[in-house]
Amino acid sequence: MANPQTVKTYNVAIVGTGAIAASNHVPALRAAGDRVKLVAAMDVDATRAQEFAAKFEIPQWFTDVNALLETAKPDLVVICTPPATHVDLSIACLEAGAHVLCEKPLARSIADFDRLIEAEKRSGKTVSTVFQWRFGSAAQHYKKLIDSGEYGKPLVGHCLTLWYRDFDYYAVPWRGKWATELGGPTMGHGIHLTDLFLWLYGDWDEVRAMMGTLDRPIEVEDVSMALVRFSSGAMGSITNSVLSPRQETYLRLDLQKLTIELSALYSANNDHWRVNVPNVPQPETNITGGHTAQVVALLDSLDRGETPLVTGNEARRIIEFSSSLYKSAITGTPVQRGSIAAPDPFYYAMNGQPVETGRG
Ligand SMILES: NC(=O)c1ccc[n+]([C@@H]2O[C@H](COP(=O)([O-])OP(=O)(O)OC[C@H]3O[C@@H](n4cnc5c(N)ncnc54)[C@H](O)[C@@H]3O)[C@@H](O)[C@H]2O)c1
């Protein structure tokens, strides 16, 4: 937590006033108290924007992002729109002098991500991605424990996102399509635990994957499975499913002298983690890995003039991993980290196909 004397107040705007904005972002911003002033909301759907602003007592609403940026001049914009719109909206906010907190998945491709990095450099502002699982006290604690080497090096990992999404879920027009959702559970649902796994185990070198569309009427995959080799030599398996009636989010990390497990569903606190060895140091606080924890960490970073945690290379790791998983599954070949670059079609799109709808 920041020193009270250095705490600032940020004018914050929300772009995209749908489900996640209302259920998670407004409560997280409200929980920040005087550190945040919610000044404006924007949605391409005027009714949604207006109703959202009225419901949450936000003084201004817009249907155009540039109008919002020019009029409300926010310090921070929280982007909660469908995936394919994230990079262009983020760049518009950066260029107007605002920091960005953007929902996942941040970019539609590595190429898109590279455009964003250029805009960050030009503007001096940052874009961080919502990966709220990293910000729980247990995740932060075990990251330090693993990095300390006290229990030996990481050897084996299992990362399972076994969720269930019914047919109605895919009735929302942007879901289930490469052009707008950018992928299936690899890019959407499982991206949280995969990001957590890759953050905890460090850089990865190679991925081999399969995927399928087994039971939902969608273009993208409804299940993917991948094997990953880390730079440390550790090996892992990753499953991303929206077809699993008994849902679970399960991570198992086998170090040389310790097994760490996480079993949860959509969020986790310390109680969802366990270790197999008595007297292993435990987290000092019990903070849920949720939007509130990430917003607090972001504001702390901005107060201190530091780069927030999930930006730049920390954000790139998962985008490059997702691209490589899809390339491996689609081409049937192993993919080495760093091998996807222009003019590889997988540099420009997760499925290696020409982008159909322009740049979001
Ligand atoms: N971090 C998490 O745990 C989590 C959970 C759910 C969803 N999400 C992510 O949040 C994002 C939004 O998901 P949702 O479920 O709230 O979707 P939603 O469809 O409920 O809401 C999206 C809103 O964005 C608006 N919109 C679309 N294009 C826009 C544009 N160009 N500018 C402004 N507004 C625009 C839509 O009109 C809609 O109101 C997605 O990227 C999704 O993956 C994250």
- Query: Has segment 31-41 got at least one residue that is of a type outside the set (Lys, Arg), within 11 Å of the ligand (Cβ to nearest atom) and within 14 Å of Thr17 (Cα to Cα)?
  - Reply: yes
Exercise for review: Answer yes or no as to whether Ser123 is buried (at least 16 other Cβ atoms within 10 Å of the Cβ) and not assigned by TED's automatic domain parsing to the domain that holds Ser322.
Suggested key: yes
Next item on the list: Report yes if some residue within segment 181-199 is in the same structural domain as Leu262 (by TED's automatic domain parsing) and over 17 Å from the mean Cα position of the chain (by Cα); otherwise report no.
Entry: no
Reported set for segment 213-227 where residues are assigned to a loop (DSSP other than H, G, I, E, B), farther than 17 Å from Gly352 by Cα and among the hydrophobic types (A, V, I, L, M, F, W, C) is Leu214, Ile218
Scanning segment 92-107 residue by residue, those buried (at least 20 other Cβ atoms within 10 Å of the Cβ) and more than 11 Å from the ligand (Cβ to nearest atom) turn out to be Cys93, Leu94, Ala98, His99, Val100, Ala107
Residue pairs qualifying under the 7 Å Cβ cut-off, at least six apart or on distinct chains, with the first in segment 105-131 being farther than 24 Å from Pro345 by Cβ and the second being part of a helix (DSSP H, G or I) and of a type outside the set (A, V, I, L, M), are Ser123/Glu95; Thr126/Glu120; Val127/Ser90; Val127/Glu120; Val130/His291; Val130/Gln294; Phe131/His192; Phe131/Asp195
Restricted to segment 317-346 and to residues being assigned to a helix (DSSP H, G or I), at pLDDT 95 or above and charged (D, E, K, R), the residue surrounded by the fewest Cβ atoms within 10 Å (Cβ to Cβ) is Glu320
Test: residue in segment 118-126 that is hydroxyl-bearing (Ser, Thr, Tyr) and within 20 Å of Glu181 (Cβ to Cβ) | no
Heads up, the helices (runs of 4 or more DSSP H) in segment 79-180 (entirely inside) with at least 2 residues that are over 30 Å from Pro245 (Cβ atoms) and within 17 Å of the chain's Cα centre (by Cα) are 86-95, 110-123
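Pull up segment 80-91, narrow it to residues that are more than 10 Å from the ligand (Cβ to nearest atom) and farther than 18 Å from Gly183 by Cα, then point me to the one that is surrounded by the fewest Cβ atoms within 10 Å (Cβ to Cβ).
Looking at residues that are more than 10 Å from the ligand (Cβ to nearest atom) and farther than 18 Å from Gly183 by Cα, I get Ile91.
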For this session: Report yes if Ala139 is within 14 Å of the ligand (Cβ to nearest atom), more than 21 Å from Leu106 (Cα to Cα) and not aromatic (Phe, Trp, Tyr), otherwise no.
Result: no
Residue hits (segment 282-303; within 16 Å of the ligand (Cβ to nearest atom) and not in a loop (DSSP other than H, G, I, E, B)) are His291, Thr292, Ala293, Gln294, Val295, Val296, Ala297, Leu298
Selection from segment 180-209 of residues more than 13 Å from the ligand (Cβ to nearest atom) and among the hydrophobic types (A, V, I, L, M, F, W, C) yields Phe197, Leu198, Trp199, Leu200, Trp204, Val207, Ala209
In segment 180-207, residues that are in contact (Cβ under 8 Å) with a residue 60 or more places away in the chain and within 18 Å of Ala349 (Cα to Cα) total 9
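The values are calculated or read from the model by the stated rules, or taken from the named source; none is laboratory data. Computed from a predicted model, the values in this text were never measured in an experiment. Glycine gets a Cβ as well: all are built from the backbone with ideal geometry, and neighbour counts include every protein chain shown.
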